[in-house]
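**Q** Take a look at the following structure, please.
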């Protein structure tokens, strides 16, 4: 079954469309059918890609700088999509809850987690800025594990490893 649709387009666009159809020996309806099909297929592919990315758990890193600051970087693939610093000032239970939520599949951006990004910075820029130095920071935990041997006092406190 076919259905008619009516659309409004600017006059010049319609003239250009008529000329292109004539030059290519095809009808306007055929071009529109193909364009609609490509559009629908393209959106379905994008939905599939987006859902596949969202279904994967995000990776993360907890970093400790040489000043005792704790930072959380969350990644979708290679891109840092969420960055928070000052975790050493949060209650230990809150930090542990955040990490458990990430292990359970939480998505900080979609779930509306607050971030303390300075104006004009992206999460990736802050992560790159911290890790651009060879020394002065350490990954003390990530989605693969916790690394007590790399921790300073702040990390040991947050991960309950105080002596």
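**Q** Across segment 72-97, what is the number of residues that are surrounded by 17 or more Cβ atoms within 10 Å (Cβ to Cβ) and within 20 Å of residue 122 (Cα to Cα)?
**A** 11
**Q** Still on this structure: Given the criteria outside any loop (DSSP other than H, G, I, E, B) and under 14 Å from the mean Cα position of the chain (by Cα), does residue 126 qualify?
**A** no
No lab work stands behind these numbers, since they all come straight from the coordinates. In this text the structure is predicted, and so the values were computed from the model without any measurement. Methodologically, a virtual Cβ is constructed for each residue, glycine included, from the backbone with ideal geometry; neighbour enumeration extends over all protein chains shown.
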